[in-house]
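S.K.: Structure provided below as structure tokens; questions to follow.
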Amino acid sequence: MDIHEERKDGFLVLGLEGRLDAVSSKMFEEKVLAVIDGGETQFVIDLSRLDYVSSAGLRVFLVASKRLTPAGGKVVLCSLQEPVKQVFDIVGFFSIFSILGSKDEALKSLG
Amino acid sequence: MTRASLFTKTLVLIVVLFGIIASGTSILSGWNLYRNLTQEYQSKGVAIAKSIADSSVELLLNADVSTIQSVVDQFTEIEGVSYVIVFDGQGEAVTHTFVPTVPGDVLELQRRTRTQAVSGAAAINDLSIEGTGDFLDVALPILAGVAGYVHVGMDRSLIRSRIWSAVATQQELMFVIFLLSVLAAYTLVNRISQPLKQLAGHAGKLATQDFSEPATGPSDIDHLPQKSHDEVGKLAESFITMEIALRQSVRELKETTAAKERIESELKIARDIQMSMVPKTFPPFPNRPEFDLYATLIPAREVGGDFYDFFFIDDNHLCFAIGDVSGKGIPAALFMAVTRTLFRTTASKVSRPDSILSLLNLEMCQNNDTCMFVTVFCAVLDIRTGEVEYSNGGHNLPYLISHGETAPLKNTGGMALGFTESVTYRTEKIVLRTGDGLFLYTDGVTEAMDEEGNQFSEPCLAEFLHQANGSSATEIIRGAVDQVKNHSGGAPQSDDITALTLKYLLTAGETTSETIVVELKNNLSEIERLARIADDFGRRHRLNAETSHNVKVALDEILTNIISYAYDDAEEHIIVVRPSLDQGKLTVEVEDDGRPFNPLNVPEPDTKQLLEVRPIGGLGIHVVRKLIDELEYRRQNDKNILTMKLKVKEA
């Protein structure tokens, strides 16, 4: 899996590409923690190019959210593909995450 | 022509001829006789008159009447002399032979002829005395009328009776000649008509004769040409020549017919041989329910240049093809046989359709002195996935009949085989969905003409195939052939009609004989490899994307768990995954030799929990439970065996 990093409207956008499984989730977790440790309190994770997610990957989203929320931060997810959406649905993530249809919407919700 | 009518005609001719001759000769001879007799009577009368006159001169001058009377009486004895009368110089009748008196007519005549006779010559007059008859009166003056006159009457009735008797004799003779002529004509006509009758009888018998057999013996007219050298003989000769020529011609006809029958029978055998070269048993693979295939080949003549073929390259790949050799009849059939044989040989060496066509083309180009060529469409179907890879060598593009849509396949641009070795054949791919069909055909189908020369045409075929969507392969082929035949009506078939239909029937998740065992190491990187294997499996068995995805996610979760938590050591372990399909149900067994762990015992997480209180882990098993219909766990031989069952949805 590749992680693309960009800054738009003053916010960090992490774009995931490929498979987010037990193997790649470790890298993703490290990246997210590094971002949070670096002082980012509000950022977007763009899933438009993420084909696949397993529970190991889901874990990272939970970790990130748990770290940010108490400090008043927020992570917004956007552009979920159908297979990813299905898994998110199964585990009830739609009720605990801020998930939007597009990157622009996600950025707007932060601004 | 019969003898009776021939003789009747001859008889009529003879009667007419004899009638003319008889009347002609009678008139002529009667007239001649009359003239001669009259002359004879005249001279006789003149002689008598002279004799009387000479002997009466003296007597008249002496008025010796009685002597004159005796002289006169002498002459009346002479045949033909009717009367004699002597007048004196005063015109008084001196003596006469009339009884009792001289008729007035005679006296009257005497008065008229007195002046006439002065010249001394005899005066001859016709005299008709009423009640007595017709006479030739010869008056002669005696001494130039001085002494008197003598009249001699010659009886004309005697002339008439002599003429009649002469004519009667002549007629009797003529009648005898007539009878003899009729007899001669009868004999002659008989002689002529007898051979004619024989010829007629012979000709009548000819009609019932068997000319295919040699003549049974000498015929009844063989002697005629020698016997008669006339027209009848010539006719008989013509008859004999004609009969010989007839026998000869019938014999030749019989030989020609026999030769034709022999060729026809050989052609029929050739047709049987040709037909046995294309597979004709349908269904061809009864134990392969994944597809339905039917084909037909109807040659325009006894043998044709079309062919079709299909066979398994391996357990999962069916090769099928259709071809059309240029031309028709025996040359095309021979070339077809060569092509079909080379095709099989080639397909046993290479298995891609483009390679088959390339190799086949090379073979066909060699020793192709007759410059014949063949168009071939060749395709290979992967039975497991419905994927068809095809290559075209100048042939009519088959139609894809797919869920209400009918269209020709995309061309691959190859040229007919046998022209040149420098042709590259390319392939295209399509994937048949369940129920999709391919209709392969030769131009004999679309170019079949009706009596006005209108072709059946591709739009008509496409329309028929569109309507036939949902029919079996057999129904499609038979329907198409019926359509073509209906179109043609009474017009003779102009080209071979060949068609092949393949319908793909494999439905998702059908039982497979395939046994797959995947062995994985206890390393997280193996999960991605497993995902690829799962994708491939899903494609081959036509599982829909959702099913494939669910299985992949579930396997990921299970495998991640095992690899991450099942082993207490750092050794390499093998995890076995066994997918199988049975009646629309996918079963995947995962077997590991890690520590005992029953995922079914893991409590359900509360997915309604707020973020703050939700545990980070424990979602994997939940995801598996949600995605998989049935989960079973057992511990067996120190191994964890987790069985996942999932109802398959069709692609």
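S.K.: Has the stretch B:623-631 got any residue that is away from chain A (no Cβ under 14 Å), of a type outside the set (D, E, K, R) and free of Cβ contacts under 8 Å to residues at least 12 places away in the same chain?
M.R.: Within the stretch B:623-631 (the criterion being away from chain A (no Cβ under 14 Å), of a type outside the set (D, E, K, R) and free of Cβ contacts under 8 Å to residues at least 12 places away in the same chain), the answer is no, since none of the residues qualifies.
S.K.: What is the one condition in (1) modelled with pLDDT under 85; (2) not in a helix (DSSP H, G or I) that B:Phe537 does not satisfy?
M.R.: (2)
S.K.: Moving on to the next point. Determine which member of the set B:Asn523, B:Asn561 is within 11 Å of chain A (Cβ to nearest Cβ), part of a loop (DSSP other than H, G, I, E, B) and either open to solvent by 30 Å² or more (accessible area, probe 1.4 Å) or within 18 Å of B:Ile574 (Cβ to Cβ) (or both).
M.R.: Details: B:Asn561 fails: part of a loop (DSSP other than H, G, I, E, B).
After applying the criteria, what remains is B:Asn523.
S.K.: Moving on. Being within 30 Å of B:Gly133 (Cα to Cα), open to solvent by less than 90 Å² (accessible area, probe 1.4 Å) and in a helix (DSSP H, G or I) is true for just one of B:Ile163, B:Ile177, B:Ile240. Which residue is that?
M.R.: On the way: B:Ile177 fails: within 30 Å of B:Gly133 (Cα to Cα); B:Ile240 fails: within 30 Å of B:Gly133 (Cα to Cα).
Every option except B:Ile163 fails the conditions.
S.K.: Every residue in the stretch B:199-225 that is under 15 Å from B:Thr241 (Cβ atoms) and not in a loop (DSSP other than H, G, I, E, B), please. Walk me through how you get there before you give the answer.
M.R.: We begin by selecting, within the stretch B:199-225, every residue under 15 Å from B:Thr241 (Cβ atoms); these are B:199, B:202-203, B:206, B:211, B:215, B:219, B:221-222, B:224-225.
Correct list: B:Leu199, B:His202, B:Ala203, B:Leu206, B:Leu224, B:Pro225.
S.K.: Quick check: anything in the stretch B:537-556 within 11 Å of chain A (Cβ to nearest Cβ) and open to solvent by 70 Å² or more (accessible area, probe 1.4 Å)?
M.R.: yes
S.K.: Let me ask another. Could you list all residues from the stretch B:452-480 that are within 14 Å of B:Pro408 (Cα to Cα) and either small (Gly, Ala, Ser) or in contact with a Gly (Cβ under 7 Å, 6 or more places away or on another chain) (or both)? Let's see the steps before the verdict.
M.R.: The first filter runs over the stretch B:452-480 and keeps only residues within 14 Å of B:Pro408 (Cα to Cα), leaving B:457-466.
Answer for the stretch B:452-480, where residues must be within 14 Å of B:Pro408 (Cα to Cα) and either small (Gly, Ala, Ser) or in contact with a Gly (Cβ under 7 Å, 6 or more places away or on another chain) (or both): B:Ser457, B:Ala462, B:Phe464.
S.K.: In the stretch A:71-111, what residues are of a type in the set (Gly, Ala, Ser), closer than 29 Å to B:Glu604 by Cβ and open to solvent by less than 50 Å² (accessible area, probe 1.4 Å)?
M.R.: Pass one, the stretch A:71-111, residues of a type in the set (Gly, Ala, Ser): A:71-73, A:79, A:92, A:95, A:98, A:101-102, A:106, A:109, A:111.
Right, trim to closer than 29 Å to B:Glu604 by Cβ and you get A:92, A:95, A:98.
If the condition is that a residue be of a type in the set (Gly, Ala, Ser), closer than 29 Å to B:Glu604 by Cβ and open to solvent by less than 50 Å² (accessible area, probe 1.4 Å), then A:Gly92, A:Ser98 are the ones that fit.
S.K.: Are any of the residues in the stretch B:196-213 within 30 Å of B:Gly19 (Cα to Cα), open to solvent by less than 60 Å² (accessible area, probe 1.4 Å), of a type outside the set (Phe, Trp, Tyr) and touching a residue at least 24 places away in the same chain (Cβ under 8 Å)? Show your work before the answer.
M.R.: As a first pass, look at the stretch B:196-213 and keep what is within 30 Å of B:Gly19 (Cα to Cα): none.
No, every residue in the stretch B:196-213 fails to be within 30 Å of B:Gly19 (Cα to Cα), open to solvent by less than 60 Å² (accessible area, probe 1.4 Å), of a type outside the set (Phe, Trp, Tyr) and touching a residue at least 24 places away in the same chain (Cβ under 8 Å).
S.K.: While we're looking at this one, here's another question. Before we move on, is B:Asp536 of a type outside the set (Lys, Arg) and closer than 30 Å to A:Gly57 by Cα? Reasoning before the result, please.
M.R.: Working: of a type outside the set (Lys, Arg): yes; closer than 30 Å to A:Gly57 by Cα: yes.
Spelling it out, B:Asp536 is indeed of a type outside the set (Lys, Arg) and closer than 30 Å to A:Gly57 by Cα.
S.K.: For the stretch B:159-180, check the following and say yes or no: at least one residue is among the small types (Gly, Ala, Ser), more than 26 Å from B:Leu17 (Cβ to Cβ) and at pLDDT 85 or above. It would help to see each step written out before you state the result.
M.R.: Going through the stretch B:159-180, the residues among the small types (Gly, Ala, Ser) turn out to be B:161, B:165-166, B:168.
Okay, now just the ones that are also more than 26 Å from B:Leu17 (Cβ to Cβ), so B:161.
Among the residues that remain, those that are also at pLDDT 85 or above are: B:161.
Yes; the residues of the stretch B:159-180 include at least one that is among the small types (Gly, Ala, Ser), more than 26 Å from B:Leu17 (Cβ to Cβ) and at pLDDT 85 or above.
S.K.: Among the residues of the stretch B:1-11, is there at least one that is within 18 Å of B:Asp137 (Cα to Cα) and open to solvent by less than 60 Å² (accessible area, probe 1.4 Å)? Show your work before the answer.
M.R.: Kept after step one, since they are within 18 Å of B:Asp137 (Cα to Cα), are these residues of the stretch B:1-11: none.
The answer is no, given that none of the residues of the stretch B:1-11 is within 18 Å of B:Asp137 (Cα to Cα) and open to solvent by less than 60 Å² (accessible area, probe 1.4 Å).
S.K.: Can you spot a residue in the stretch B:586-596 that is out of contact with any Phe, Trp or Tyr (no Cβ under 8 Å at 6 or more places or on another chain), charged (D, E, K, R), facing chain A (nearest Cβ under 10 Å) and outside any strand (DSSP E or B)? Even if it seems obvious, please write down each step before you answer.
M.R.: Pass one, the stretch B:586-596, residues out of contact with any Phe, Trp or Tyr (no Cβ under 8 Å at 6 or more places or on another chain): B:586-593, B:596.
Among the residues that remain, those that are also charged (D, E, K, R) are: B:589, B:591-593.
Retained after the next criterion (residues that are facing chain A (nearest Cβ under 10 Å)): none.
Checked against the condition, which is being out of contact with any Phe, Trp or Tyr (no Cβ under 8 Å at 6 or more places or on another chain), charged (D, E, K, R), facing chain A (nearest Cβ under 10 Å) and outside any strand (DSSP E or B), the stretch B:586-596 yields no hits at all.
S.K.: What number of residues within the stretch B:428-476 are among the hydroxyl-bearing types (Ser, Thr, Tyr) and modelled with pLDDT of 90 or more? Outline the logic, then answer.
M.R.: We begin by selecting, within the stretch B:428-476, every residue among the hydroxyl-bearing types (Ser, Thr, Tyr); these are B:434, B:441-442, B:446, B:457, B:471-472, B:474.
Add one more test, that the residue is modelled with pLDDT of 90 or more, and what stays is B:441-442, B:474.
Qualifying residue count, the stretch B:428-476: 3.
S.K.: When the residues of the stretch A:21-42 are narrowed to those that are outside any helix (DSSP H, G or I) and under 20 Å from A:Ala106 (Cα atoms), which ends up farthest from the other protein chains (Cβ to nearest Cβ)? First the steps, then the outcome.
M.R.: Our first condition is that a residue be outside any helix (DSSP H, G or I); within the stretch A:21-42, this holds for A:21, A:38-42.
Pick out the ones that are also under 20 Å from A:Ala106 (Cα atoms) and you get A:39-42.
Details: A:Gly39: 22, A:Glu40: 19, A:Thr41: 16, A:Gln42: 16 Å.
The residue in question is A:Gly39.
S.K.: Taking the options B:Ala332, B:Ala379, B:Ala337, name whichever one is outside any strand (DSSP E or B), open to solvent by less than 10 Å² (accessible area, probe 1.4 Å) and of a type in the set (Gly, Ala, Ser).
M.R.: Numbers: B:Ala379 fails: outside any strand (DSSP E or B); B:Ala337 fails: open to solvent by less than 10 Å² (accessible area, probe 1.4 Å).
None of the others qualify; the one that does is B:Ala332.
S.K.: Taking the residues in the stretch B:391-422 that are in a loop (DSSP other than H, G, I, E, B) and among the hydroxyl-bearing types (Ser, Thr, Tyr) as candidates, determine which candidate is farthest from B:Ser351 (Cα to Cα).
M.R.: Quick first cut of the stretch B:391-422, residues in a loop (DSSP other than H, G, I, E, B) only: B:394-398, B:403-404, B:409-413, B:415-416, B:418-422.
With among the hydroxyl-bearing types (Ser, Thr, Tyr) added as a condition, the list becomes B:412, B:420, B:422.
Working: B:Thr412: 17, B:Thr420: 22, B:Ser422: 20 Å.
Here the residue is B:Thr420.
S.K.: If the requirement is being at pLDDT below 80 and either crowded, with 16+ Cβ neighbours inside 10 Å or under 60 Å from the mean Cα position of the chain (by Cα) (or both), which of these qualifies: B:Leu33, B:Leu17, B:Leu37, B:Leu59? Step through it out loud before you land on a result.
M.R.: Working: B:Leu33 fails: at pLDDT below 80; B:Leu17 fails: at pLDDT below 80; B:Leu37 fails: at pLDDT below 80.
Residue meeting the stated conditions: B:Leu59.
S.K.: Taking into account only those residues within the stretch A:43-71 that are more than 15 Å from A:Glu30 (Cα to Cα) and touching a Cys at 6+ places or on another chain (Cβ under 8 Å), which is farthest from the other protein chains (Cβ to nearest Cβ)?
M.R.: In this case the residue turns out to be A:Asp46.
S.K.: Any idea which of B:Leu581, B:Leu610 is over 21 Å from B:Lys521 (Cα atoms) and surrounded by 11 or more Cβ atoms within 10 Å (Cβ to Cβ)? Break it down stepwise before answering.
M.R.: On the way: B:Leu610 fails: surrounded by 11 or more Cβ atoms within 10 Å (Cβ to Cβ).
Criteria check complete, one pass: B:Leu581.
The values are calculated or read from the model by the stated rules, or taken from the named source; none is laboratory data. Note that the structure is a prediction, hence the values are computed from the model and not measured. Here the Cβ is made from the backbone with ideal geometry for all residues, glycine too, and neighbour counts use every protein chain on show. All accessible areas refer to the heavy atoms of the entire protein, side chains included, with ligands and DNA or RNA removed. Shrake-Rupley method; radii C 1.70, N 1.55, O 1.52, S 1.80 Å.
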